[in-house]
Amino acid sequence: MKMTLFAAASSLALSAATLAQAGPQAEVLHWWTSGGEAKSVAVLQEEFAANGGTWTDMPVAGGGGDAAMTALRARVLSGNAPTAVQLKGPAIQEWYEEGVLADISSVAEAEGWDKVLPASIAAHMKCEGQWCAAPVNVHRVDWLWANASVLEANGIAMPTSWEEFNAAADKLQAAGIIPLAHGGQAWQDATVFEVVALGILGAEDFQKAFVELDQDVLTGDKMVAVFDQMRKMRGYVDANFPGRDWNLATAMVMNGEAAFQIMGDWAKGEFLAAGKAPGEDFLCASAPGNGFLYNVDSFAMFDVDGSDKQEGQSLLAKLIVGQNFQKVFNLNKGSIPARTDVAMDEFDSCAHLSASEMTSSSKDGSLLPSYAHGMALRGAQSGAITDVVTAHFNSDMSSADAVKMLSEAVANSL
Ligand code: GAL
């Protein structure tokens, strides 16, 4: 009797295990761990589960994804790549060249991605003609976020030039308010730097400096002025800035401790997740200058064995570019859909501004890839630039020395 019960129990356990293993599987490496980010990635987990998939979460905390990319390298080197990875920009092609990415062209073709994605976004997702990544969104990096009542109480309008920004910051500082919420992490320094650079250099020279690595622009007078403005920015952050996470900086703007933050629109995801409303609690505006720095998040699938995992990759790729996911995810994430055929009526005024300026920028040549978020350059070059930006921000290095160091670092990285 005992034996029979045991046999029955173990065969039940076995069939439960078989059931649990059946169907599409995905282990997903990503760095979406802040409040707004977690809410956004949950949309994908839910859709995956609703379609019969089993999701194994592999979150690696750390804004900008530096820690996630280190974890990824360790996994791939040990021959145990995750099924799907949050990966973007030229890093996609770098991994493809290592021969470790799966080809997702059959999903892309069946779903007609070429018809629903702008050509410039599709180009980032292709490796030698085949589809090797699926885009989820378009984040804009060059935003200025502000606490609405702090600005109002201090008689300050959203600045439209860096001179106005400095004047507002001086006034706020005199009133005892931290002008700029910032986290001293290399990628956040780089984010502020590229936004200031776009404003001061203009779109054409931004492209020359951070896409073409043109030495004349990298060492020009306008680049000196960019570092001068960065020195000013350093004076507008509080003493506790080193190491602070970006979402904690956003929280400082929410609670009125600080007035402004310069950050991509994943910051809006934080405001929204905290129940704040654009135009009422917080303000968004394009940072001073003309242009649009884009940062497209995407997922690449790694070569893995097992039909359950491969099915998981196809399902995930299909869902990611699906119309419903692109809407719901981006409503939470703060970005706008990568697909061009998603209705925008549920999106807020910041998203509408982003969509219209993306269109106008693509017409006048000022739609540019973000260097700070890995869209413009390969890792060696963007890393070389960020090292200089951070070294300057965290010392009393002169702008002239920073420009000299920038020029050498870029030359040595090639
Ligand atoms: C960016 C990424 C965004 C957001 C941000 C902060 O690089 O594209 O989706 O997650 O980092 O973590």
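The table below lists the values:
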read-out: The stretch 339-414: GluC sites (Glu not before Pro) falling in loop per DSSP and having at most 13 other Cβ within 10 Å; value: Glu346
read-out: Cα gyration tensor shape for the stretch 247-289, rounded if a/c is under 1.5, else prolate or oblate; value: rounded
read-out: Apportionment of accessible area to carbon and sulfur, the chain, percent (1.4 Å); value: 54
read-out: Per-residue SASA entry for Asp345, accessible area with 1.4 Å probe, Å² rounded to 10; value: 130
read-out: MRE, 222 nm, helices only [DSSP H, n ≥ 4, -39500 (n - 2.57), over the chain, to nearest 500]; value: -16500 deg cm²/dmol
read-out: Protection-proxy order for peptides 255-264, 230-239, 203-212, each taking the mean of Cβ atoms within 10 Å per residue, highest first; value: 255-264, 203-212, 230-239
read-out: Eligible lysines near Lys309 by straight Cα distance, threshold 20 Å, same-chain separation 8 or greater; value: Lys318
read-out: Gyration tensor verdict on the chain (Cα atoms; rounded if a/c is under 1.5, prolate if a/b is larger than b/c, oblate otherwise); value: prolate
read-out: Spatially proximal lysines relative to Lys39 (Cα-Cα < 18 Å; intrachain offsets below 8 disregarded); value: Lys268, Lys276, Lys327, Lys333
read-out: Qualifying GluC sites (Glu not before Pro) in the stretch 34-140, DSSP loop, other Cβ atoms within 10 Å at most 16; value: Glu98, Glu128
read-out: Accessible surface of His352 - all protein chains present, 1.4 Å probe, nearest 10 Å²; value: 80
read-out: Heavy-atom surface of the chain, accessible at 1.4 Å and reported per residue (Å²); value: 40
read-out: Where Thr219, Thr160 fall by accessible area, highest first, once all protein chains stay in place (1.4 Å); value: Thr160, Thr219
read-out: Within straight-line cross-link reach of Lys171, aspartates and glutamates at Cα separation under 19 Å, skipping those fewer than 8 residues along the same chain; value: Glu152, Glu163, Asp238, Glu257
read-out: Within the chain, percent of DSSP bridges classed antiparallel, to nearest 5; value: 55
read-out: Residues in the stretch 302-344 that a label on Ala123 would reach, taking backbone N under 19 Å of a point 7 Å out along Cα→Cβ; value: 338-340
read-out: Those residues of the stretch 75-117 whose amide nitrogen sits under 20 Å from the label point placed on Gln323, 7 Å along Cα→Cβ; value: 107-117
read-out: Model label zone, Glu152; criterion: amide N under 19 Å from point 7 Å along Cα-to-beta-carbon; scope the stretch 261-277; value: 261, 271-272, 275-277
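The values are calculated or read from the model by the stated rules, or taken from the named source; none is laboratory data. Computed from a predicted structure; not experimentally measured. Virtual Cβ from ideal backbone geometry, glycine too; neighbours counted across all protein chains shown. All accessible areas refer to the heavy atoms of the entire protein, side chains included, with ligands and DNA or RNA removed. Shrake-Rupley method; radii C 1.70, N 1.55, O 1.52, S 1.80 Å.
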